[in-house]
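Single-structure report; data block below.
Each reported figure results from applying straightforward, stated rules to the coordinates on display, with no laboratory input. Keep in mind the model is a prediction, meaning the values are calculated, not measured. Please note: Cβ atoms are built from the backbone with ideal geometry, for glycine as well, and neighbour counts cover all protein chains shown.
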Amino acid sequence: MTDRIALVLGLCLIGLIGLDIVANDGEALLFLMRKFFVFIEFLAFWR
């Protein structure tokens, strides 16, 4: 991955997180983080 691609992906992520915070008060990000933590616990169980 080149620096340019990494920078574009990072800016897109920051932009989408900012848009979620402005438009939905961060509800989508909160939902995704909760699902991510459940997934991590599931993986830890099978470790």
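For this structure, a couple of remarks:
- For Ile40, the shell of other residues with beta-carbons less than 14 Å away shows a net charge of +2, using +1 for Lys and Arg and -1 for Asp and Glu.
- Each helix, a run of at least 4 DSSP H residues, gives -39500 (n - 2.57); summed and divided by the residues of the chain, these come to -30000 deg cm²/dmol at 222 nm.
- Charge context of Ile17, other residues only, Cβ under 15 angstrom, K/R +1, D/E -1: -3
- The translational diffusion coefficient of the chain, from Stokes-Einstein at 4 °C and 1.567 mPa s with a Kirkwood hydrodynamic radius over alpha carbon pairs, comes to 104 µm²/s.
- Exposure proxy ranking, count of Cβ atoms within 10 Å, fewest first, for Asp25, Asp20: Asp25, Asp20
- Net lengthening on full extension, Val22/Arg34 (0.36 nm per residue, minus Cα-Cα): 2.4 nm
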